[in-house]
Amino acid sequence: MPTLKIDEKEVTVPPGTTLIRAAKELGIEIPYYCWHPGLSVAGNCRMCLVEVDKMPKPQISCHIQCQDGMVVRTQSETVKKLREHVLEFLLVNHPLDCPVCDQAGECGLQDYYMKHGLYDSRLNENKVKKGQKAVPIGPTVMLDNERCILCSRCVRFTDEISKSHEFGIFNRGDHSEIGLYPGEELNNKYSGNVVDICPVGALTDRDFRFKCRVWYLKKTESICPGCARGCNITIETSHDRPTGVENERVMRLKPRFNDEVNDWWICDSGRYGYHSIDQNRILTPLVREGTAAAKESNWKDALKQACVSFQNLMAQNKEQIAILLSPMMTNEEIYLAHKLFVETLQLSRVLLLGVHPNGDQDDLLIRSDKHPNRMGAEWLGLIEGKEVTQKLVSEIEKGLIQGLFLFGQDIVSQFQSERLNGALNQMRLSLFIGSNYNQTVSSARMILPGASYAEKDGTFTNFEGRVQRIRKALFPLGESRSELEIIQSFAAQLGLDLPSQTSEDIFLELAGSVPKFRGMTYDTIGHEGVRPA
Amino acid sequence: MIKTKVVSEPPLNFWERIYLPEVFRGLWITSKHFFRNFFLHLAHAFGLLRHLKAGVTIEYPEQTYILPKRSRTRHRLTHRPDGSPRCVACMMCETVCPARCIAIVAEEHPDPNIEKKPKSFDIDLGKCVFCGFCVEACPEDAIRMDTKIVNTAAYSRPAMKLDLNELLNPTSSS
Ligand code: SF4
Ligand code: SF4
Ligand code: SF4
Ligand code: SF4
């Protein structure tokens, strides 16, 4: 194990560690553009030059490996001058159009200029103009060649991570420019990530373009609900000033580093799947008589009506009531619903049903199961069975089920059945609790607006058994309420003694009683999540 | 670090605290000015004492005050040669504005060499403190406060808002 000294601080690292990583470990910041911890070393930006004793010239710290007895200086006058000059060089052909550049505010050039530059430019020559500005190179990404500093991160990403090989650097010297191979389009399943790794504004997100300046964004850590992987994300919102999109509060999603789950990346369907948080939302409780259009109602009346029907059904025959919980629900919601319907009300037909069909899967992130919390539901004792579901569906169609609770599942489009449609309509109580409109909402007798995953706290358990937290980034839209609140107020309406708890309280209770969750708290889950001990 | 200087208010002395003497002192100052101006204006009317200046009231709105060259008045947005706004919706002004009275929404400009332009640009004069920071911050010389329009009063709060069109054509009365 080599032991070396960086800026007078001693550190011992495993053999093969590069200097830049060793310095990071010591908390010493070395600036870099082309290096990325998740990609191979290119060593072309020269920002990370440091002085190493006994070496005649400055060395790039992203490439050079730690040796025993090395003495490294990262803050000497020479190094400072070098950084300044490298930066000046990188900016030789740069247009400096920060006012119109979406990267401004999170741009490597801006940040390092303030930290390591602050020189007066000596360039009198004309800048070499490269290509056109603002060229869409795929459905998600916009390229501005003038701003590119040729770090080659995007090339390496498409070569090494997405393995789709679209990017290349063309021409030579001053005229080098980034581009796609002829006939290519940047449309792989991970294309959005090149925007994140591009240290400058050369690659920008078409979806986010000009909607909002980045410094206005409020960031909340969360988990992508798009599949069983549970990629760590940041939900970036803006809701106190006008933005480029009316009636949308979420501006973009960004991946959040977690080396146990998704590293630095997320897939495009997760990244751009946030529109359902603000679009097509159910805003008030709705009540439907027969096949007529649903009428807007309020929480008090709707809950009362639901409870009266429910109690009648309970008094008649419990077997005609079915509760369908969903693997889209958080652990807390499933636990609470289970506690109410199974333990307290003694219903026998409380089933798990996920309606998203299995999709594609790959070796990087995407999982075929498109539900974020199937594992959690399993741990809580709910396993989905195809036959049970089929049996239930045919019973619903025959009218044997008179009370049905759906937690967001669009069963009408899932089972493609006209009879199901009619049955929901005829049922004495078909209650849909969910956030967005769908076909099932158009036939259910009663609809209670639930919160989206960005509007509540809770935990999901990913397919590897990692429990991770989602956090409330926004208030529920319109009159919608979190599912926990809905379950609690329903219980209160029934006159049951279900204490009103926050999701954290419920999680603590759950962790105390369900073995898989033993010992977990919101604090121990923290930012990265935990797996059972 | 911001340097702060702690200033303590001087305590009131006995005569100030018993109130009445201060009231009479105030009346004395007011009457002094009144009678001085009264006397001097009379004298000026007869062509006397012209070298002594008397207080002036400008009879607004019939008369208007001649503003100093650099005074900050109602905002305007400048134009490109083709008449479109110079503003590229960078939101520097909105960001720097201490009163948070600017609200800009950006959109794509058809010319990729300009790239960005304001879709809407609102300034709420009801909140503006006329500090001029927006003008300082603008990298494009797109916003100026040199219209010499000072009559910004209106009958309602919404009417105090200037939109893109009014800012581009500042002659329209607010
Ligand atoms: S890439 Fe950075 S420095 Fe260049 S124009 Fe954009 S924000 Fe400015
Ligand atoms: S487009 Fe961005 S990531 Fe790609 S080489 Fe240029 S600066 Fe680097
Ligand atoms: S003058 Fe000051 S307060 Fe008024 S809009 Fe400009 S920055 Fe804001
Ligand atoms: S600072 Fe200038 S260019 Fe930027 S938004 Fe304001 S007026 Fe427009």
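The values are calculated or read from the model by the stated rules, or taken from the named source; none is laboratory data. The model shown is predicted, which means the values in this text are computed figures rather than measured ones. All Cβ positions, even for glycine, are placed from backbone atoms using ideal geometry, and neighbour counts span all protein chains on display.
The table that follows gives values for the structure above.
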| read-out | value |
| --- | --- |
| Residue match in segment A:33-51 (condition: among the aromatic types (Phe, Trp, Tyr), assigned to a loop (DSSP other than H, G, I, E, B) and out of contact with any strand residue (DSSP E or B) (no Cβ under 9 Å at 6 or more places or on another chain)) | yes |
| Tally, over segment A:107-133, of residues that are surrounded by fewer than 18 Cβ atoms within 10 Å (Cβ to Cβ), within 14 Å of chain B (Cβ to nearest Cβ) and not basic (Lys, Arg) | 2 |
| Where A:VAL141 falls short, out of the listed (1) surrounded by fewer than 16 Cβ atoms within 10 Å (Cβ to Cβ); (2) in contact (Cβ under 8 Å) with a residue 40 or more places away in the chain; (3) under 27 Å from A:CYS227 (Cα atoms) | (1) |
| Hits in segment A:162-182 (condition: more than 27 Å from A:ASP362 (Cβ to Cβ) and of a type in the set (Ser, Thr, Tyr)) | A:SER176 |
| Which numbered condition B:MET91 misses (of (1) more than 11 Å from chain A (Cβ to nearest Cβ); (2) in contact (Cβ under 8 Å) with a residue 12 or more places away in the chain) | (1) |
| Conditions (1) at negative phi; (2) at pLDDT below 95; (3) not hydrophobic (A, V, I, L, M, F, W, C): number failed by A:ASP457 | (2) |
| Odd one out for A:GLY244, checked against (1) without any contact (Cβ under 8 Å) to a residue 24 or more places away in the chain; (2) in contact with an Asp or Glu (Cβ under 7 Å, 6 or more places away or on another chain); (3) not in a strand (DSSP E or B) | (1) |
| Selection from segment A:317-334 of residues that are in contact (Cβ under 8 Å) with a residue 40 or more places away in the chain and part of a helix (DSSP H, G or I) | A:GLN320, A:ASN331, A:GLU332, A:GLU333, A:ILE334 |
| Residue under evaluation B:PRO110, criteria (1) within 14 Å of chain A (Cβ to nearest Cβ); (2) surrounded by 11 or more Cβ atoms within 10 Å (Cβ to Cβ); (3) part of a loop (DSSP other than H, G, I, E, B), criterion not met | (2) |
| Sole exception among (1) within 21 Å of A:LYS9 (Cβ to Cβ); (2) out of contact with any helix residue (DSSP H, G or I) (no Cβ under 9 Å at 6 or more places or on another chain); (3) of a type outside the set (D, E, K, R) for A:MET114, by number | (1) |
| Any hit, segment A:452-461, residues being among the acidic types (Asp, Glu), over 25 Å from A:LYS391 (Cβ atoms) and out of contact with any strand residue (DSSP E or B) (no Cβ under 6 Å at 6 or more places or on another chain) | yes |
| Options A:VAL141, A:VAL128; residue that is assigned by TED's automatic domain parsing to the domain that holds A:PHE170, within 12 Å of ligand 2 (Cβ to nearest atom) and under 30 Å from B:PRO110 (Cβ atoms) | A:VAL141 |
| Residue list for segment A:167-212, filter: in contact with a Ser or Thr (Cβ under 7 Å, 6 or more places away or on another chain), within 14 Å of another protein chain (Cβ to nearest Cβ) and part of a loop (DSSP other than H, G, I, E, B) | A:ARG206, A:ASP207, A:LYS211, A:CYS212 |
| Residue list for segment A:119-166, restricted to those being of a type in the set (A, V, I, L, M, F, W, C), within 16 Å of ligand 1 (Cβ to nearest atom) and either out of contact with any helix residue (DSSP H, G or I) (no Cβ under 8 Å at 6 or more places or on another chain) or not in a loop (DSSP other than H, G, I, E, B) (or both) | A:ALA134, A:VAL135, A:VAL141, A:MET142, A:LEU143, A:CYS148, A:LEU150, A:CYS151, A:CYS154 |
| Total residues in segment A:364-394, condition touching a His at 6+ places or on another chain (Cβ under 8 Å) and basic (Lys, Arg) | 1 |
| Residue in segment A:213-241 that is surrounded by the fewest Cβ atoms within 10 Å (Cβ to Cβ), counting only those that are within 14 Å of chain B (Cβ to nearest Cβ) and touching a residue at least 24 places away in the same chain (Cβ under 8 Å) | A:TRP215 |
| Residue within segment B:116-138 that is within 16 Å of ligand 1 (Cβ to nearest atom), of a type in the set (Gly, Ala, Ser) and touching a Pro at 6+ places or on another chain (Cβ under 7 Å) present | no |
| Count of segment A:515-528 residues which are aliphatic (A, V, I, L, M) and in contact with a Leu (Cβ under 6 Å, 6 or more places away or on another chain) | 0 |
| Count - residues of segment B:132-168 that are in a loop (DSSP other than H, G, I, E, B) and among the β-branched types (Val, Ile, Thr) | 4 |
